[in-house]
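K.L.:
Sharing a structure below in structure tokens format, with a few things to ask.
Every read-out reported here was derived from the displayed coordinates using simple, explicitly stated rules and does not represent laboratory data. Note that the structure is predicted; figures quoted are calculated from it, not measured. Positions of Cβ are backbone-derived with ideal geometry, glycine not excepted, and every protein chain shown enters the neighbour counts.
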């Protein structure tokens, strides 16, 4: 019998970290092969976990996919909140970084597949497919409203989101995306 000081064989912190790692590996695997062609075996191999262990954590491929995308979107939203909360920096600078954290990191040959697999499977995601983009829009609108007023904030936010979407599909690199986004933000937010 182990003493209380020795602790349990696994802790909630380690289990949480392991789960996050499995979800990161799952998202990368889904991005590489697409949702339909990804098997639980491939995800288990990428995550260095047994297939039964993966099924212990997630009852189905759909549940795994939903959890992986939810984790990624929640991280993105948390990063955007953090960037926009830094009111010591100029608003245009914060907006460009917020859009980079939300969309820019998915631009480029290696990361574009993550965005594609998410966009191609909204029916599997449930409400997170709607709530995360809505939350992003709210955060951007609030940041603009603080400096430009609520009346100007909504159309500016919607225009910046449209610009970002267009750039994301047009850009071959994250750098190109950011350069063009900076120009758009400078034109819109003065």
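K.L.:
At 0.36 nm per residue, minus the direct Cα-Cα distance, what do residue 169 and residue 87 gain on full extension? Give it in nm, one decimal, please.
P.N.:
26.5 nm
K.L.:
Comparing 131, 16, 38, which has the greatest mean-square fluctuation in the GNM of the chain with Cα pairs linked when under 10 Å apart?
P.N.:
16
K.L.:
Given the C-alpha centroids of the stretch 46-83 and the stretch 128-190, what is the distance between them in whole angstrom?
P.N.:
Each part's Cα centre sits 26 Å from the other's.
K.L.:
Taking other Cβ within 10 Å of each residue's Cβ, how do 69, 116 sort, fewest first?
P.N.:
116, 69
K.L.:
Round to the nearest 0.05 the FRET efficiency obtained for residue 119 and residue 46 when R0 = 22 Å and r is the Cβ-Cβ distance.
P.N.:
Efficiency, from the Cβ-Cβ distance: 0.55.
K.L.:
Related question: Helix 174-188 versus the longest principal axis of the chain: what angle, 0 to 90°, nearest 10, using Cα atoms?
P.N.:
The two axes meet at around 40 degrees.
K.L.:
Now, a different point. Do you know the relative contact order of the chain, to the nearest whole percent, from alpha carbon pairs under 8 angstrom that are 6+ apart?
P.N.:
Normalised by residue count, the contact order of the chain is 22 percent.
K.L.:
Another question, then. With everything on Cα atoms, drop me the angle between helix 91-102 and the longest principal axis of the chain, reported from 0 to 90° to the nearest 10.
P.N.:
Compared with the principal axis, the helix lies near 30 degrees.
K.L.:
Which of 31, 46, 129 moves most in a GNM of the chain, Cα contacts under 10 Å?
P.N.:
Of 31, 46, 129, the Gaussian network model singles out 46 as fluctuating most.
K.L.:
Ok, one more. Can you give me the angle between helix 150-170 and the longest principal axis of the chain, using Cα atoms only, in degrees from 0 to 90, rounded to the nearest 10?
P.N.:
Roughly 60 degrees between the two axes.
K.L.:
Round to the nearest 0.05 the FRET efficiency obtained for residue 130 and residue 180 when R0 = 25 Å and r is the Cβ-Cβ distance.
P.N.:
Taking R0 as 25 Å, the efficiency between residue 130 and residue 180 is 0.40.
K.L.:
For the stretch 12-188, take the alpha-carbon Rg, divide it by the Kirkwood Rh, and send me Rg/Rh.
P.N.:
Dividing the radius of gyration by the Kirkwood radius yields 1.02.
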